[in-house]
Amino acid sequence: MTTAFPDQTTDTPADATGYNFAYLDEQTKRMIRRCLLKAVAVPGYQVPFGGREMPLPYGWGTGGMQVTATVIGSDDVLKVIDQGADDTTNAVSIRRFFARTAGVATTESTPQASVIQTRHRIPETPLSRGQILVYQVPIPEPLRFIEPRETETRKMHALQEYGVMHVKLYEDIARFGHIATTYAYPVKVNGHYVMDPSPIPKFDNPKMHGCPALQLFGAGREKRIYAIPPFTRVESLDFEDHPFEVQGWDQTCEFCGSDHSFLDEVVIDDYGGRIFICSDTDYCNQRLDADARKEAV
Amino acid sequence: MYVAVKGGEQAIDQAHSWLDETRRGDTSLPELSVEQIRQQMGMAVDRVMTEGSLYDPELAALALKQASGDVIEAIFLLRAYRTTLPRFLASCPVETDRMAIRRRISAAYKDLPGGQILGPTYDYTHRLLDFTLLANGERATTPPADDTVENCPRVLDFLNSEGLIESPQGQDEHKPSGTMEAPDAPADLTRQPMDYPADRDLRLQALARGDEGFLLALAYSTQRGYGRNHPFAGEIRQGEVAVEIVPEELGFAVIAGDIQVTECDMINQFSGTETEAPRFTRGYGLAFGNAERKALAMALVDRALRARELGEDIVSPAQDEEFVLAHCDNLDSSGFVSHLKLPHYVDFQSELVLLRRLRKEFEQRREANQP
């Protein structure tokens with residue numbers, strides 16, 4: 001993380017828009033930074049924060065945006081993805097927001113980015129030390145669909161009363177023969193808190209474990225922040241006789257031929273014909289470029 | 001034919017340009033001015049100010065214009081602006097006792113000091129379309145009476161002085177819910193996250209910002225028996241109140257301006273306990289401008305949410321604090337419902353992979369079981 005104006009305590013307009021650098025005022029950023037520090041200190045614990053209204057709708061990434069606005073500095077390089085892709089509408093919109101309000105450099109390249117805001121995916125390219133991955137989170141509470149009451153779930157987390165979650169997964173196995181959760185698959189962080197990894201496919205869960213990058217999660221509507229510090233133990237919940245497994249495809253990427261990345265299915269004609277392509281557009285392009293270079297040599 | 005949504009940048013620009021054109025409508029007609037909206041769509045402006053939590057009729061009218069009249073979109077615009085405003089200081093509590101009254105009615109007493117004042121109301125209008133307005137005709141109007149009523153006594157104070165109703169603070173042991181620097185200040189949910197169980201100050205703030213339609217439905221549900229609380233509209237008043245501030249360098253209160261508000265005091269039944277004589281209880285509603293429906297609904301829901309404090313069984317949605325407060329904000333709800341329009345291909349693909357596998361296994365089992 002490059003610190004945003006370490007000496008700055010008062011607001012400075014980024015440009016003619018009349019708003020502070022990265023939109024949020026410095027007092028709000030300070031409040032969010034305190035929450036981020038707590039979140040990093042207690043991995044997987046949901047820290048309540050005084051979330052602000054953002055000029056984008058709740059549910060469209062306002063939590064992630066507040067976290068990004070708080071950690072980003074003028075010399076950071078920002079990448080924004082949605083569904084793994086840099087060119088999906090909401091990713092474009094959020095990237096433009098920061099280009100406009102913070103004037104930061106943006107990139108589509110995973111290795112070149114210092115801050116990556118994401119919705120629903122973790123990039124295929126392994127992250128490295130010093131990078132920050134900011135997740136947009138719709139429902140931060142993994143127990144919400146089992147126990148809707150905040151007053152109850154708080155106690156359950158404190159007492160590590162996670163039996164209900166295992167019962168839910170067991171019921172899936174009894175009914176379908178498999179755990180039927182395919183995304184937002186619950187994980188246990190640092191051996192204590194059960195955490196919602198946001199709606200990433202379970203395919204991405206193993207990437208969170210021991211990740212050298214700092215992972216920050218922001219839920220704007222629900223006003224919660226949580227974090228996984230670098231090199232933290234992250235286990236997907238499972239059973240000895242039903243170990244956790246990720247989804248796979250019989251097909252390979254139509255463009256780059258990858259047989260190990262998460263594939264999106266694209267319907268290409270009116271008769272149900274379909275191809276499969278990498279959901280991570282940057283990863284796909286990197287592979288295509290590498291192939292092109294090999295051919296050129 | 002719909003091809004994968006990619007290359008969004010240009011598409012977004014084009015969409016917004018088209019939106020601007022659509023918003024403007026037929027350019028052979030004169031453009032609607034913000035001042036016209038403010039003057040002639042006053043109740044929409046009031047709703048936008050109330051739920052947008054910002055008293056600024058001009059900006060609320062601008063928001064309505066920019067949002068093509070979509071009230072929730074306008075509320076969103078105003079809230080997103082409000083959140084960037086610096087806070088100089090908090091005002092003194094507004095004294096609605098000293099309101100310059102435009103309208104004041106009580107459903108509990110036939111007549112009372114200060115009188116019943118109908119004011120400008122849609123009540124008792126026959127809902128017949130007025131074709132004079134269609135023809136842009138002006139209707140003859142009667143000027144209102146000059147003498148405005150001020151310092152009008154409150155209906156609930158008559159009852160209070162007789163001990164027939166609880167005090168406005170209710171039964172709550174006051175728990176300081178403000179900030180660390182000012183523990184006795186009312187809580188502010190625009191600065192702090194909601195904390196359950198919530199105190200009444202926090203609840204009232206959430207309800208004041210809450211969606212009128214949602215509160216109306218909940219209020220209605222209490223009337224139909226889902227958490228019934230036997231309400232009487234003790235008093236509804238509407239008019240101008242002064243907002244006072246105490247600037248630090250002055251040390252005494254000065255008037256910063258006047259705002260229009262609608263206030264509702266609801267009288268509700270309560271059966272008393274072993275140690276306490278029976279008396280009426282209260283529900284309270286307050287909204288900016290002319291917003292009677294909102295104020296009434298808010299008062300009913302406020303009373304329903306006091307179930308815990310009054311030792312009532314919590315059996316209905318309107319009494320369930322987490323249910324009501326977590327879902328009453330229309331920016332929360334419209335944002336999250338509309339986020340379904342965002343791409344979900346990755347999660348959907350994950351479900352497809354699993355579903356295909358489950359179906360394949362199902363077919364295999366069925367074939368194996370067939371003789």
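The values are calculated or read from the model by the stated rules, or taken from the named source; none is laboratory data. This structure is a prediction, so every number in the text was calculated from the model and none was measured. Here the Cβ is made from the backbone with ideal geometry for all residues, glycine too, and neighbour counts use every protein chain on show.
Given A:PRO140, A:PRO126, which one is modelled with pLDDT of 95 or more, part of a loop (DSSP other than H, G, I, E, B) and more than 13 Å from the chain's Cα centre (by Cα)? Spell out how you get there, then give the answer.
Numbers: A:PRO140 fails: more than 13 Å from the chain's Cα centre (by Cα).
It is A:PRO126.
In region B:45-87, how many residues are outside any helix (DSSP H, G or I) and buried (at least 24 other Cβ atoms within 10 Å of the Cβ)?
Residues of region B:45-87 outside any helix (DSSP H, G or I): B:53-56, B:67-70, B:83-87.
Adding the requirement that they be buried (at least 24 other Cβ atoms within 10 Å of the Cβ) leaves none.
So the count comes out to 0.
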Being under 16 Å from A:ALA102 (Cβ atoms), part of a helix (DSSP H, G or I) and more than 14 Å from chain B (Cβ to nearest Cβ) is the filter here, so list the residues in region A:34-89 that pass it. A:VAL67, A:THR68, A:THR70, A:VAL71
Considering region B:331-371 alone, what residues qualify as being within 24 Å of A:GLY248 (Cβ to Cβ) and either in contact with a strand residue (DSSP E or B) (Cβ under 6 Å, 6 or more places away or on another chain) or within 7 Å of chain A (Cβ to nearest Cβ) (or both)? B:PRO343, B:TYR345, B:VAL346, B:ASP347, B:GLN349, B:SER350, B:GLU351, B:LEU352, B:VAL353, B:LEU354, B:LEU358, B:GLU361
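Specify the residue that is farthest from the other protein chains (Cβ to nearest Cβ); the eligible residues are those in region A:257-276 that are in a loop (DSSP other than H, G, I, E, B) and in contact with a helix residue (DSSP H, G or I) (Cβ under 7 Å, 6 or more places away or on another chain). Step through it out loud before you land on a result.
Our first condition is that a residue be in a loop (DSSP other than H, G, I, E, B); within region A:257-276, this holds for A:257-262, A:268-273.
Remaining after also requiring in contact with a helix residue (DSSP H, G or I) (Cβ under 7 Å, 6 or more places away or on another chain): A:258, A:261-262.
Details: A:SER258: 15, A:SER261: 12, A:PHE262: 7 Å.
Once the filter is applied, the top-ranked residue is A:SER258.
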Mind checking which residues of region B:232-260 are of a type outside the set (D, E, K, R), over 17 Å from the mean Cα position of the chain (by Cα) and crowded, with 22+ Cβ neighbours inside 10 Å? B:GLY234, B:GLY239
Test: residue in region A:171-183 that is among the hydrophobic types (A, V, I, L, M, F, W, C), facing chain B (nearest Cβ under 10 Å), in contact (Cβ under 8 Å) with a residue 24 or more places away in the chain and not in a strand (DSSP E or B): yes
Checklist (1) surrounded by fewer than 21 Cβ atoms within 10 Å (Cβ to Cβ); (2) modelled with pLDDT of 95 or more; (3) touching a strand residue (DSSP E or B) at 6+ places or on another chain (Cβ under 6 Å) applied to A:ARG274, failing item: (2)
Scope region A:146-156; condition more than 14 Å from chain B (Cβ to nearest Cβ) and either in contact (Cβ under 8 Å) with a residue 24 or more places away in the chain or assigned to a loop (DSSP other than H, G, I, E, B) (or both); matching residues: A:ILE146
Determine whether region A:172-189 contains at least one residue that is modelled with pLDDT of 95 or more and over 19 Å from A:VAL246 (Cβ atoms). no
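If you scan region B:245-287, which residues turn out to be more than 20 Å from B:LEU118 (Cβ to Cβ), in contact with a Ser or Thr (Cβ under 6 Å, 6 or more places away or on another chain), assigned to a strand (DSSP E or B) and in contact (Cβ under 8 Å) with a residue 40 or more places away in the chain?
So in region B:245-287, the residues more than 20 Å from B:LEU118 (Cβ to Cβ) come out as B:245-259, B:267-284, B:286.
Still in the running and in contact with a Ser or Thr (Cβ under 6 Å, 6 or more places away or on another chain): B:245, B:268, B:270, B:278.
Subset that is assigned to a strand (DSSP E or B): B:245, B:268.
Selection gives B:ILE245 alone.
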Within region A:240-256, does at least one residue satisfy the condition of being free of Cβ contacts under 8 Å to residues at least 24 places away in the same chain, buried (at least 16 other Cβ atoms within 10 Å of the Cβ) and within 10 Å of another protein chain (Cβ to nearest Cβ)? no
Which condition breaks for B:GLN205 when tested against (1) within 14 Å of another protein chain (Cβ to nearest Cβ); (2) free of Cβ contacts under 8 Å to residues at least 60 places away in the same chain; (3) in a loop (DSSP other than H, G, I, E, B)? (3)
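When region A:88-118 is examined, which residues are found to be of a type in the set (D, E, K, R) and either free of Cβ contacts under 8 Å to residues at least 40 places away in the same chain or surrounded by fewer than 17 Cβ atoms within 10 Å (Cβ to Cβ) (or both)? Talk me through it step by step, then tell me what you get.
Our first condition is that a residue be of a type in the set (D, E, K, R); within region A:88-118, this holds for A:95-96, A:100, A:108.
Correct list: A:ARG95, A:ARG96, A:ARG100.
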Limited to region B:322-353, what total is found for residues that are touching a residue at least 12 places away in the same chain (Cβ under 8 Å), assigned to a helix (DSSP H, G or I) and among the charged types (D, E, K, R)? 1
What's the total number of residues in region A:168-193 that are buried (at least 22 other Cβ atoms within 10 Å of the Cβ) and either among the β-branched types (Val, Ile, Thr) or not assigned by TED's automatic domain parsing to the domain that holds A:THR118 (or both)? 4
Out of (1) more than 17 Å from A:TYR185 (Cα to Cα); (2) among the β-branched types (Val, Ile, Thr); (3) touching a residue at least 24 places away in the same chain (Cβ under 8 Å), the one A:ILE228 does not meet is (1)
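Identify, from the list B:ALA277, B:ALA326, B:ALA299, B:ALA307, the residue that is within 19 Å of B:THR50 (Cα to Cα) and away from every other protein chain (no Cβ under 13 Å). Talk me through it step by step, then tell me what you get.
On the way: B:ALA277 fails: within 19 Å of B:THR50 (Cα to Cα); B:ALA326 fails: away from every other protein chain (no Cβ under 13 Å); B:ALA307 fails: within 19 Å of B:THR50 (Cα to Cα).
Sole residue among the options that is within 19 Å of B:THR50 (Cα to Cα) and away from every other protein chain (no Cβ under 13 Å): B:ALA299.
Of the residues that sit in region A:212-239 and are under 25 Å from B:SER334 (Cβ atoms) and within 14 Å of chain B (Cβ to nearest Cβ), which one is nearest to the chain's Cα centre (by Cα)?
Looking only at region A:212-239, we keep the residues that are under 25 Å from B:SER334 (Cβ atoms), and these are A:217-225.
After this cut, where a residue has to be within 14 Å of chain B (Cβ to nearest Cβ) as well, the list is A:218-225.
Numbers: A:GLY218: 9, A:ALA219: 11, A:GLY220: 13, A:ARG221: 16, A:GLU222: 16, A:LYS223: 16, A:ARG224: 14, A:ILE225: 12 Å.
If we take residues in region A:212-239 being under 25 Å from B:SER334 (Cβ atoms) and within 14 Å of chain B (Cβ to nearest Cβ), then A:GLY218 is nearest to the chain's Cα centre (by Cα).
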Exactly one condition in (1) touching a residue at least 40 places away in the same chain (Cβ under 8 Å); (2) more than 29 Å from B:GLU321 (Cα to Cα); (3) more than 10 Å from chain B (Cβ to nearest Cβ) is false for A:LYS202; which is it? (3)
Residue ID - surrounded by the most Cβ atoms within 10 Å (Cβ to Cβ), chosen from residues in region A:277-297 that are touching a residue at least 60 places away in the same chain (Cβ under 8 Å) and outside any helix (DSSP H, G or I): A:ASP280
